[in-house]
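The values are calculated or read from the model by the stated rules, or taken from the named source; none is laboratory data. Everything numeric in this text was worked out from a predicted model, so none of it was measured. Reconstructed Cβ throughout: ideal geometry from the backbone, glycine too, with neighbour counts over all protein chains shown.
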Amino acid sequence: MTQASPRLVLGALGLERGGILLLKRALQALAPGERLEVCGESPELPVHLRAWARAQGQGFTEQDGRLWLTRADHGRWRGAERAGGVAAAGVVETPQARWGLAARGALVEAGAPTFHFVLNEKSEVWAEEAGRLYAQAAAAQWDPATAIPWDAEITHPDEVEDAVVQVMTYLIENETAALLVPARFLGQLHPHFREVMQLLAITAADEARHIEVFTRRASLRRETLGLSTHGGQASLKTLLEEPDFALASFLLSVLGEGSFLSLLWFLQEHAPDVITRQVCRLAAQDEARHVAFGLAHLSRHVALDPGLRGRLALAIQSRNQALAQTAGLNEEVFDALVILAAGGFEPEQIALGHDRVLTLHHDMDHGRRVRLERLGFSEEEAAALSALHTRNFM
């Protein structure tokens, strides 16, 4: 005796009013090749069922007023592909172009459109620390309106305030470049590497916040900002024009932002008021993460491709040659740093301030050497390459 086919009774419920949910549920319980009889009172049911079956790749039969579906093997999902795994362990070396914007771990339907992401190799962008750094960054976000005591009293002389304004103007300019570089590469990154994508996005958000607080601090007691020089802009332009992600990350994060960390710590120590001190402390907290990712991803990249180290060295040398005719750090910023470090205008105080700024240069050089050695350069190579870094710090 032939066993009767399972039946789905929809009554007056049409497919367009939610009947599809019950239809899918009933089919899910069948094995491929099994038939399901669909019964219902909706006059449009045969037409809707036939169209739905065709779109889903399911078999459809109509005979003597009765309707059947035959469950196909995979149906419309035949040829679908799993886009890696959800966790970081599921990251693949080269994600498919047709995975596009699909969430990592999703089942991607065959025939999905292809996307052209330039940065689609794990070796070029990945760092095991990316997820941890993103989580740390998300937890450490701060609100400029409440994290900084904007109403705190400022008692230092006008000359000192002018120095603060000039330094803040310089910081704004450099942080603008530090925002635009990761933002540019963000659109080139395959979304499969979502932790790196999230980290680049929050890095850009960090820099946007830094620009805000530096501008607000500069504007507290002045209606105009300080000076922007040709040399400073020329130096930053080389960062914006670097098309290679690894080289741009190296020049910006490992060398430039690494040097800026020393500068922000210096300003935190010698700031003439609590507002400036807190602005620099919070900015440095963010910049440390940016440097950490640059080092992590480049260390992994160099380990997989030792030839990259030569390209990194060449990038420093080429940038140094391109900026050979520029003045580097502008005189006004240098003088402003001396004034802030001096704490006064007596000759011996200015001398002390000058010495402290020279010590800052030494600390920046030492930090660059350490980071270069972490990337596998010898002590001698690191010293020579650090000496070629732009005099504009960034």
Of all residues in the range 185-206, which are within 8 Å of the chain's Cα centre (by Cα) and within 22 Å of Ala87 (Cβ to Cβ)?
Val196, Met197, Gln198, Leu199, Leu200, Ala201, Ile202
Within the range 111-209, helices (runs of 4 or more DSSP H) holding 3 or more residues that are among the polar types (S, T, N, Q)
158-186
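Consider Pro144 carefully, then state whether it is assigned by TED's automatic domain parsing to the domain that holds Arg277, of a type outside the set (D, E, K, R) and in contact (Cβ under 8 Å) with a residue 40 or more places away in the chain.
So Pro144 passes the test.
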Any pair with Cβ under 8 angstrom, 6 or more apart, that starts in the range 37-51 at a residue that is free of Cβ contacts under 8 Å to residues at least 40 places away in the same chain and ends at one that is among the acidic types (Asp, Glu) and assigned to a helix (DSSP H, G or I)
Glu44/Glu16; His48/Glu16
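Quick one: how many residues across the range 101-114 are of a type outside the set (A, V, I, L, M) and in contact (Cβ under 8 Å) with a residue 60 or more places away in the chain?
At the first step, the residues of the range 101-114 found to be of a type outside the set (A, V, I, L, M) are 104-105, 109, 111, 113-114.
After this cut, where a residue has to be in contact (Cβ under 8 Å) with a residue 60 or more places away in the chain as well, the list is 104.
Result for the range 101-114: 1.
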Go over the candidates Val165, Val118, Val125 one by one and state the one that is surrounded by fewer than 18 Cβ atoms within 10 Å (Cβ to Cβ) and of a type in the set (Val, Ile, Thr).
Val118
Thr224: passes all of (1) more than 21 Å from Arg184 (Cα to Cα); (2) out of contact with any Asp or Glu (no Cβ under 7 Å at 6 or more places or on another chain); (3) in a helix (DSSP H, G or I) but (3)
Could you pull out the residue among Ala80, Ala29 that is out of contact with any Lys or Arg (no Cβ under 7 Å at 6 or more places or on another chain) and under 30 Å from Ala97 (Cα atoms)?
Ala80
Working carefully through the options Arg78, Arg54, Arg104, Arg71, find the one that is over 25 Å from Ala296 (Cα atoms), surrounded by 13 or more Cβ atoms within 10 Å (Cβ to Cβ) and of a type in the set (D, E, K, R).
Arg71
Residues to consider are Phe260, Phe293; find the one that is part of a helix (DSSP H, G or I), among the hydrophobic types (A, V, I, L, M, F, W, C) and in contact with a Leu (Cβ under 7 Å, 6 or more places away or on another chain).
Phe293
The range 81-101, residues that are in contact with a strand residue (DSSP E or B) (Cβ under 6 Å, 6 or more places away or on another chain) and either loosely packed, with under 12 Cβ neighbours inside 10 Å or in a loop (DSSP other than H, G, I, E, B) (or both)
Ala83
Qualifying positions in the range 6-61 - among the acidic types (Asp, Glu) and in a helix (DSSP H, G or I)
Glu16
